[in-house]
Amino acid sequence: MYSAMVTIVISFVIQLRPTICDENLNSRPIIGVLAQSCDPKADPYIGDTYIPSTYVKWLESGGARVVPIRVKESDQYYETLFKRINGVVFPGGGINIVTSYFAKAAKLLYNMALKANDDGDYFPLWGTCQGFQQLTVLTSGQDLLSYLHAHRMLPINLTSDFSQSRLFADLPADILTSLTLYNVTANHHNWGLSPKNFSQNQALRSFYRVLSTNVADNGKDFISTFEAIKYPFYGVQWHPEKVPYDWDLGDALTHTKRGVKVTQYFADFFVEECRKSSHHFPDIDTELSTLINNYHPHFSKDKRFQEHYYFNFTHPHLIL
Ligand SMILES: *[C@@H]1O[C@H](CO)[C@@H](O)[C@H](O)[C@H]1NC(C)=O
Ligand SMILES: *[C@@H]1O[C@H](CO)[C@@H](O)[C@H](O)[C@H]1NC(C)=O
Ligand SMILES: *[C@@H]1O[C@H](CO)[C@@H](O)[C@H](O)[C@H]1NC(C)=O
Ligand SMILES: *[C@@H]1O[C@H](CO)[C@@H](O)[C@H](O)[C@H]1NC(C)=O
């Protein structure tokens, strides 16, 4: 009985092996999420920087682990961490995308990612909402956003060449239907990049392929999804991580099965991109002690369902 089982297990492993070797992917991806400053006057003051736990859950749902990336650190800190992680997410939030420590750290990481990819070292980036806007500043060197009002769930208007993209090349029919006909993308932003400003800017136009646009509550057009043409960089003005994990009453969030499946599609896509990176920690102890699992999220029962990881990474306390 026992040896029969061993035989079955061994033959199963042998059958699996060629597939694993063929794919040659990193099956233990670790993704950095950039922290951002808290309002120093916040009451109660819980920490100097934070990461919403929704981003952590979203990446974990795709099969990745997460490390927090601190702001206001030395170049050496970012260079060392970059060699250990397999991708970076710039999350949403409310800091200044030109002058903040978040923007400065994002610039270092973005430049390292450009260089790595140029050298054949695959390294993906993802920007959500503020993170999307941050990507536009990093690529163009200027803030080309305009004020608008978008606080609702929307479908997206795909551009005509969306199926030529990496992000949507393998889009299943049901996700395509959800994305284009149902209210599955959570918008929660007062700024956006207009198609006009995008197409008038040479740096942006030559770098990104626009995949979707939307019309805001006040009638202004904004770009809602893009990907870099030559780099594994992706940006969404909306929030793919919110639907299953965020219960903010003020966000007009709906939590439909379609919305949850859309969330999962984007998590699966980005984490799979990160599996193409072979960066790794020097040893398991360093890896374990860097993971976000060393911290505990803080749940504020203020009816907005804010669950954030808070840190006191920097002293004296950060100033925005
Ligand atoms: C950060 O420091 C403040 C002030 O000392 C303290 O109240 C807070 O609990 C600390 N937060 C964390 C996450 O350690
Ligand atoms: C283009 O960007 C500028 C900021 O540089 C902004 O003031 C303007 O409103 C934008 N125009 C459009 C059409 O979005
Ligand atoms: C999407 O939401 C809008 C309100 O913002 C509503 O009018 C519309 O019927 C909804 N669409 C679907 C397919 O549920
Ligand atoms: C899609 O584009 C059409 C035409 O501009 C517009 O009327 C519609 O509101 C857009 N849909 C969304 C969800 O933004």
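Every number here is computed from the coordinates shown, using simple stated rules; none is lab data. What you see is a predicted model, and the numbers here were worked out from it, not measured in a lab. Here the Cβ is made from the backbone with ideal geometry for all residues, glycine too, and neighbour counts use every protein chain on show.
Helix content alone sets the calculated 222 nm mean residue ellipticity of the chain: runs of n ≥ 4 DSSP H residues at -39500 (n - 2.57) each, divided across all residues, give -11000 deg cm²/dmol. Cross-link reach is defined here as a Cα-Cα straight distance under 20 Å, omitting same-chain residues fewer than 8 places apart; for K261 the aspartates and glutamates meeting it are E60, D170, D174, E241, D246, D248, D251, E272, E273. Screening the chain for DSSP H helices whose Cα atoms reach 20 Å or more along their own axis and whose mean Kyte hydropathy is at least -1.0 gives 2-23, 101-118, 257-274. Working from label points 7 Å from Cα in the Cα-to-Cβ sense, the H298 to Q142 distance is 3.9 nm. Take every Cα pair under 8 Å whose residues are at least 6 apart in sequence, average their separation, divide by the length of segment 2-311, and the relative contact order is 24 percent. Radius of gyration over Kirkwood radius for segment 175-229, both on Cα atoms: the Rg/Rh ratio is 0.99. With the largest listed first and rounded to whole Å, the semi-axes of the equivalent ellipsoid of segment 244-287 from the Cα gyration tensor are 32, 15, 7.
With the Cα gyration tensor of segment 212-310 giving a ≥ b ≥ c as the square roots of its eigenvalues, does the rule (a/c under 1.5 for rounded; else a/b larger than b/c for prolate; else oblate) give rounded, prolate or oblate?
Values: a/c = 2.35, a/b = 1.23, b/c = 1.91.
Taking the square roots of the gyration eigenvalues as a ≥ b ≥ c, segment 212-310 is oblate.
Over the chain, one equal point on each Cα, no solvent: what is log10 I(q)/I(0) by the Debye formula at q = 0.13, 0.16 Å⁻¹? Here the Debye-derived log intensity ratios amount to -0.96, -1.46. Net length available on complete extension from K83 to N111 is 8.7 nm, with 0.36 nm assigned per residue and the Cα-Cα distance removed.
Take each peptide in 195-201, 268-274, count the other Cβ atoms within 10 Å of every residue, and average; sorted highest first, the result is 268-274, 195-201.
Of all DSSP bridge pairs formed entirely within the chain, close to 65 percent run antiparallel.
Maximal additional length on extending the D248-R28 stretch stands at 76.0 nm, based on 0.36 nm per residue less the C-alpha distance.
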